[in-house]
Amino acid sequence: MNILPKYFKKRDSLTLKSALEECVLADSERSKSYIYKKFYGYLMAVALRYVKDEMEAEDVVNESFVKVFRKVGDFSFEEDEFVIEKTFKAWMARITVNTSIDKIRAKKETYALDDIHDGELVQHAVSSSTRLEENDILQLLYELPEIQRSIFNLYEIEGYSHEEIGQLLNIPESTSRTYLTRAKARLRKLYTDQFSVLDNINHS
Amino acid sequence: MKSEKEIIDDIISRIKEQPDRGYREGAWENFKRQNPGTTTKTRPMARWISAAAALLLIGMGTLYYVKNSTILTSSDMNVNAVIEHKPVPTEASAPGQSHTESTTAMPQESPSNPSLDNVYAINNNTILANRNNYAQSQAVKQSLGLPLMAEGLNAMGKQIEIPSGSTLRETLVMPGYASIDLKKPQSTTSIPENLILAAKSIPTSELNLKEVETRNQNKQVRFGDKFDLALFVSPQSTGQKTNVGGGLTLAYNLTNKISVRTGASYNSYEVGIMKNPIEPSSSETVVVNQNQSNAPTIGKMTNAYSAAENNRMILPNINAVTSVVQSVDIPLEVKYNVGKSLYAVAGVSYSAILGQERNAHYVDNVNVETFSQGFPENETQMKSAVKAVSKTVKSAEENVSTNGFNGFVNFSIGKKVKVNNRFGVSVEPYFKIPVGQYRRADMDYTNGGIRVMTNF
């Protein structure tokens, strides 16, 4: 009896295009597994820009994948595999960003957006490297309040306008501008401090 | 020292260049566990259901096709049998008798010469002139696939004496039918002689067409978790009669949802079919006792056809045929439990025919020789002399050929109610579609009923 189910299964390896097609047409686990494993790391990187906690980021990613799989039928893609990957990643990133924002907004009831709660007051680890590593940049971001971090990411990284950010976060545009200015100022300070510490270590 | 703008640009570029995080082992499994609805597995059951549905569709299509093509063939043959009125010379004619008449005079025959024609008049319209031709009997033979008496006579080289009353002019008057003029040709080769006119709606007909299906009902006894033994009795009613069948089934549970079921059941299928007696296809080969070949029970209409060949003869104008087929059905079915108590069953069954009986019904005159006592003097005498009666004779034909596969395609749905842990009752309406020789038979053996099962 095991022969027939095996016979039914396709044995050819998946590409992103075929996985997307299979996901849309057959809603198969195989295609979803392929997409999930291929883009898990990418979406984690996106989520971690907004959400500090890694477990929380994974929740965001999983939630995003649920949306991705549900709406994958709406995603229109070209023939070229490279173009597909690029556009699909952008599409998924947008979903993940929105999910992250939703997550942060859900926490709004607990914390004032502009406050830094206790967890964020912990001093970041000082790298012994002579330069700021990628993770250190993230650590700098994590020093920002969530709302400022979100606005900075949305505006500078994702390319949203203040109007879009205002709608997304349900805040006035002016508030978005103000928070962005504050975020940049804080980041500059954190960056400078980080460098001076590193310089001191290197020169001592 | 970098400018403020350079610092921000550096931060932005570094953030954008952030490498992807690696895949964490077990993340997908975790995702699947948390979102079972989203991670729709490749649903093998859906595939099986699709495959089963496709097979079912193909099966139904095939049945439909086979059924239609059968009807078409039969119809074509009937048409040929009616249209073909070519005089065919025969050597089986009685010597010195009307051989010439039956072979040469036909095209020129006029209704005024009733000695050569059998004229059937219904509602004052001449419907069919049955020439005493060999051609028609050939056509009848083709449609029935049966040897004709005349052919048998040819083979045997025998002569048959015609009863002296063969020149009698008979008039049968029945409600709704104007008159029937019957002439007995003197040639033994004229097969459709002594024709009796009748139709489905003859009020005096006492025919009872019964279409009855027998079905089984189940009682189940457990032989462990995997096997279920069931005894069943099933009442079934179709039209005018209710029959009861019975048997047992043995089910093997493949999974909690799916079982394979087989067993054996005794069934008696009683069906009937009305025929238009004026069509050649209404002929029926019947069994006669040689000693009684001219007996009144058979009727005058068959006298001229009585043949010595295997005690059979052809009765040309049958109103109806009823049949009883007794069989043991051996099913092979798949049972799918839709819910806790609801289930659906589909499968096929092989039907081993134990015995079958076929009866032909026709309308005859009450008297063998209608005017043997003299011509009627008034209407009362006329009516009593030509009173129509319905008669039944056993047919020599088989209802269902036993050469080849006989069976049914079975569908049923059932509801099981547990009385306690070991005892339960199921009610299972079912529907059976005939296949194989049952389908090829001239009657429709499609049947249905309700099984009431007792599970132990």
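Residues to consider are A:LEU14, A:LEU20, A:LEU48; find the one that is within 14 Å of chain B (Cβ to nearest Cβ), surrounded by 17 or more Cβ atoms within 10 Å (Cβ to Cβ) and modelled with pLDDT of 85 or more.
Being within 14 Å of chain B (Cβ to nearest Cβ), surrounded by 17 or more Cβ atoms within 10 Å (Cβ to Cβ) and modelled with pLDDT of 85 or more holds for just one of A:LEU14, A:LEU20, A:LEU48, which is A:LEU48.
Collect the residues in region A:69-92 that are within 14 Å of chain B (Cβ to nearest Cβ) and within 14 Å of the chain's Cα centre (by Cα), keeping them in residue-number order.
Once the filter is applied, which keeps residues that are within 14 Å of chain B (Cβ to nearest Cβ) and within 14 Å of the chain's Cα centre (by Cα), region A:69-92 yields A:LYS89, A:ALA90, A:MET92.
This table checks each residue for (1) surrounded by fewer than 21 Cβ atoms within 10 Å (Cβ to Cβ); (2) modelled with pLDDT of 90 or more.
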{"position": "A:ASP53", "(1), (2)": "yes, no"}
{"position": "A:LYS71", "(1), (2)": "yes, no"}
{"position": "A:ASP80", "(1), (2)": "yes, no"}
{"position": "A:MET92", "(1), (2)": "no, yes"}
{"position": "A:LYS108", "(1), (2)": "yes, no"}
{"position": "A:LEU121", "(1), (2)": "yes, no"}
{"position": "A:ILE147", "(1), (2)": "no, no"}
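Would you tally the residues in region B:7-34 being part of a helix (DSSP H, G or I), hydroxyl-bearing (Ser, Thr, Tyr) and facing chain A (nearest Cβ under 7 Å)? Spell out the reasoning first.
So in region B:7-34, the residues part of a helix (DSSP H, G or I) come out as B:7-16, B:27-34.
Then drop every residue that is not hydroxyl-bearing (Ser, Thr, Tyr), which leaves B:13.
Among the residues that remain, those that are also facing chain A (nearest Cβ under 7 Å) are: none.
Residues meeting the conditions: 0.
Of (1) modelled with pLDDT under 85; (2) assigned by TED's automatic domain parsing to the domain that holds B:ARG451; (3) touching a Gly at 6+ places or on another chain (Cβ under 8 Å), B:PRO331 satisfies all except one. Which?
(1)
Would you point out the residue of region A:27-41, among those that are at the interface with chain B (Cβ under 7 Å from one of its Cβ atoms), closer than 15 Å to A:LEU16 by Cα and in a helix (DSSP H, G or I), that is nearest to the chain's Cα centre (by Cα)? Talk me through it step by step, then tell me what you get.
Of the residues in region A:27-41, the ones at the interface with chain B (Cβ under 7 Å from one of its Cβ atoms) are A:27-30, A:32-33, A:36-37, A:40-41.
Applying the additional criterion that residues be closer than 15 Å to A:LEU16 by Cα yields A:27-30, A:32-33, A:36-37, A:40.
Next, only the ones that are in a helix (DSSP H, G or I) stay: A:29-30, A:32-33, A:36-37, A:40.
Numbers: A:GLU29: 24, A:ARG30: 24, A:LYS32: 20, A:SER33: 20, A:TYR36: 15, A:LYS37: 16, A:TYR40: 11 Å.
Among them, the one singled out is A:TYR40.
Just to check your reading of the model, which residue among B:GLY407, B:GLY374, B:GLY424, B:GLY355 is closer than 28 Å to B:GLU270 by Cα and either surrounded by fewer than 21 Cβ atoms within 10 Å (Cβ to Cβ) or among the hydroxyl-bearing types (Ser, Thr, Tyr) (or both)?
B:GLY355
Only one of these conditions is not met by A:ASN62: (1) crowded, with 18+ Cβ neighbours inside 10 Å; (2) at the interface with chain B (Cβ under 7 Å from one of its Cβ atoms); (3) in contact with a Lys or Arg (Cβ under 8 Å, 6 or more places away or on another chain). Which number is it?
Condition not satisfied by A:ASN62: (3).
Please go through region B:397-456 and give me each residue that is more than 23 Å from the chain's Cα centre (by Cα) and of a type in the set (D, E, K, R), ordered by number.
Applying the first criterion (more than 23 Å from the chain's Cα centre (by Cα)) to region B:397-456 yields B:413-428, B:452-456.
Within region B:397-456, B:LYS415, B:LYS416, B:LYS418, B:ARG422, B:GLU428 meet the criteria.
So which of B:VAL260, B:VAL221 ends up being surrounded by fewer than 18 Cβ atoms within 10 Å (Cβ to Cβ), of a type in the set (A, V, I, L, M, F, W, C), at pLDDT below 75 and assigned by TED's automatic domain parsing to the domain that holds B:HIS361?
B:VAL221
Please determine, by comparing only the residues of region B:35-46 that are surrounded by 14 or more Cβ atoms within 10 Å (Cβ to Cβ) and within 7 Å of chain A (Cβ to nearest Cβ), which one is modelled with the highest pLDDT.
B:ASN35
Looking at (1) surrounded by fewer than 18 Cβ atoms within 10 Å (Cβ to Cβ); (2) over 16 Å from the mean Cα position of the chain (by Cα); (3) not aliphatic (A, V, I, L, M), find the lone condition where A:HIS162 falls short.
So A:HIS162 meets the others, but not (1).
Go through region B:432-448 and give me each residue that's assigned to a strand (DSSP E or B) and under 16 Å from B:TYR64 (Cα atoms).
First, pick out the residues of region B:432-448 that are assigned to a strand (DSSP E or B): B:432-436, B:447-448.
Scanning region B:432-448 gives B:LYS432, B:ILE433, B:PRO434, B:VAL435, B:GLY436.
Could you pull out the residue among A:ILE151, A:ILE157 that is at pLDDT 85 or above, closer than 30 Å to A:PHE75 by Cα and within 12 Å of another protein chain (Cβ to nearest Cβ)?
Residue meeting the stated conditions: A:ILE157.
Where the second residue is in a helix (DSSP H, G or I) and surrounded by 17 or more Cβ atoms within 10 Å (Cβ to Cβ) and the first is within 11 Å of another protein chain (Cβ to nearest Cβ) and small (Gly, Ala, Ser) and lies in region A:177-191, which pairs have Cβ atoms under 8 Å and are six or more apart or on separate chains?
A:ALA183/A:GLN148; A:ALA183/A:ARG149; A:ALA183/A:ILE151; A:ALA183/A:PHE152
Restrict the check to region A:169-176 and report whether at least one residue is touching a Lys or Arg at 6+ places or on another chain (Cβ under 9 Å), more than 13 Å from every other protein chain (Cβ to nearest Cβ), buried (at least 16 other Cβ atoms within 10 Å of the Cβ) and modelled with pLDDT of 90 or more.
Scanning region A:169-176 turns up no residue that is touching a Lys or Arg at 6+ places or on another chain (Cβ under 9 Å), more than 13 Å from every other protein chain (Cβ to nearest Cβ), buried (at least 16 other Cβ atoms within 10 Å of the Cβ) and modelled with pLDDT of 90 or more.
Does region B:291-312 contain at least one residue that is modelled with pLDDT of 75 or more, assigned to a strand (DSSP E or B) and over 30 Å from B:GLY424 (Cα atoms)?
So far as region B:291-312 goes, no, none of its residues is modelled with pLDDT of 75 or more, assigned to a strand (DSSP E or B) and over 30 Å from B:GLY424 (Cα atoms).
The values are calculated or read from the model by the stated rules, or taken from the named source; none is laboratory data. Source: prediction; values computed, not measured. Glycine also receives a Cβ, built like all others from the backbone with ideal geometry; neighbour counts cover every protein chain displayed.
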